[in-house]
Structures are given as structure tokens and as C-alpha cells.
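See below for the structure under consideration.
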Amino acid sequence: MSINVLQILTERGLVKQVTHEEPLAQLLQKPAVFYAGFDATADSLHVGHLLPMMVMAYMRRAGHHPIALIGGGTTMIGDPSGKTEMRQMLDPGTISAYAQAIGAQVSRILDCVDGPELLVANNADWLLKLNYVDLLREVGACFSVNNMLRAECYKQRMEKGLSFLEFNYMIMQSYDFYHMFQTVGCNMQFGGDDQWSNMLGGTELIRRKLGENAY
């Protein structure tokens, strides 16, 4: 591709760290499939979503295929990253309504940007169908508890207490990446710095289960 989108994002201060920088730069020379996630914790986007939306806009304008993943499934658990206390548990009906509202907003905003068609997906479509024992057998051995406990997304919560419910969030987010890698060829994920450990979990799961690289 003629546009070096990674350089553009870096120059604008939107990149803190990446996996495999040189292979990633090569990958971005051709149309790639990427995603960013938006949990359904409210009925509207907020200012914290501005930077991911900006990155999606730059990527789409550069010819890459965007996926906005709405967290209708992951919101059932709640992300402990950057939180001092466990998130308030929302009922399934509220989460479903929030997911629809956020998906519509993302579509409306990104429709202002020229580029490949936007796919809006909801991880409730696959996460809520999983059998817990089957999931443990499929991916459980790919996650080291020792490594998970060292992850930045959990550190802030270790002193006050981290519930087993929230401890599963990394596995769920990693499974999203693994699932979309197989189903729609998505091999790139980005998000806020507080999501770094969760994103690495997805790249490692893809590597260990499929022998492939994701970024």
C-alpha cells in the first residue's frame, strides 16, 4: 500500500508498543483485517473510545478491513483492567440493548471514513454458546496462571482482591481474537495500553493452537 499507516499513527503519538514491528510493517503493505473491541457497559460511546476510533479511521482510510467488536459476551464478566473494584454486574437484557446502541454509533461514525466495508460483530454470538468444560479443554492449557498473575491488567486489583469471574476476562478476550482469526482472517488487534496483556494472550493462543502469527 502507498500509505505507511503505522508511521502515520506513530507520528501522531497513537502507538505505544507493538508486537513484531518489522513483520507488522510488512503486513500493512497489503490490505489487512483488524479489530478493536468495545464493551457494552453503557448505551453510548465515551471519550475513552476516541483514540481507538481515530486509529480505526486511519486504518480504514489506508485500505485495511475494520471490525468493530462489540462485547456483548465479555461485558457479562467485566474487564478488571484499570479498575479498583469489580464492575457492576448488568443483566443480559441491558447488555444486549447497550451492545446494539454502541454498534450503531460506531457504524455511524466510521461511515464518514472512506475505505473497506466495516464489519460490526458481537462476541455474544460465540462466547455465550461455549461450554465451560469444552473451553477449558480447548484453550486452558495455553494459559499460564503465573504469567496471568504478572499481567498489568490484574496488578492493580491483586491487593484489594481479584474475583475468579474477572480472572477469566483475559481468556475471553484472547478467545475472541482466536475465533475471528479462524472465521474472518483477522490477524491484528489494537486497543488501549491497559489491554496489552489481554492482546498478548490472544496472539499467544493463536500461535500455540494454530502455529500462526497475529499482531
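The values are calculated or read from the model by the stated rules, or taken from the named source; none is laboratory data. For clarity, every value in this text was computed on a predicted model and none was experimentally measured. So basically every Cβ, Gly included, is an ideal-geometry build from the backbone, and we count neighbours across all protein chains shown. These accessible areas exclude ligands, DNA and RNA; they are computed on the full protein's heavy atoms, side chains included. Shrake-Rupley method; radii C 1.70, N 1.55, O 1.52, S 1.80 Å.
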Study note, to complete from the structure: Of those in segment 167-206 that are among the small types (Gly, Ala, Ser) and outside any helix (DSSP H, G or I), the residue nearest to ILE70 (Cα to Cα) is GLY191
Review point. What are the residues in segment 9-26 that are in contact (Cβ under 8 Å) with a residue 40 or more places away in the chain, closer than 22 Å to VAL113 by Cα and not in a loop (DSSP other than H, G, I, E, B), if any?
Key: LEU9
Exercise for review: Can you give me the number of residues within segment 60-78 that are open to solvent by 10 Å² or more (accessible area, probe 1.4 Å) and modelled with pLDDT under 90?
Suggested key: 1
Check your understanding: If you scan segment 116-145, which residues turn out to be part of a helix (DSSP H, G or I) and either farther than 17 Å from GLY202 by Cβ or open to solvent by 80 Å² or more (accessible area, probe 1.4 Å) (or both)?
Key -> ALA124, ASP125, TYR132, VAL133, ASP134, LEU136, ARG137, ALA141, VAL145
Review point. Would you call SER2 at pLDDT below 95, under 30 Å from GLU159 (Cβ atoms) and either open to solvent by less than 60 Å² (accessible area, probe 1.4 Å) or over 14 Å from the mean Cα position of the chain (by Cα) (or both)?
Key: no
Revision key, fill the gap. Residue hits (segment 151-166; over 17 Å from GLY71 (Cβ atoms) and in contact (Cβ under 8 Å) with a residue 24 or more places away in the chain) are ALA151, GLU152, TYR154, GLN156, ARG157, LYS160, LEU162, SER163
Check your understanding: In segment 34-58, what residues are within 22 Å of GLY201 (Cβ to Cβ), open to solvent by less than 80 Å² (accessible area, probe 1.4 Å) and outside any loop (DSSP other than H, G, I, E, B)?
Key -> PHE34, TYR35, ALA36, GLY37, PHE38, ASP39, GLY48, HIS49, PRO52, VAL55, MET56
Check your understanding: Does PRO31 satisfy the criteria of being open to solvent by 10 Å² or more (accessible area, probe 1.4 Å), of a type outside the set (A, V, I, L, M), farther than 29 Å from LEU130 by Cβ and in contact with a strand residue (DSSP E or B) (Cβ under 7 Å, 6 or more places away or on another chain)?
Key -> yes
Review point. With respect to the numbered conditions (1) open to solvent by less than 50 Å² (accessible area, probe 1.4 Å); (2) in a loop (DSSP other than H, G, I, E, B), which one is the sole condition not fulfilled by MET148?
Key: (2)
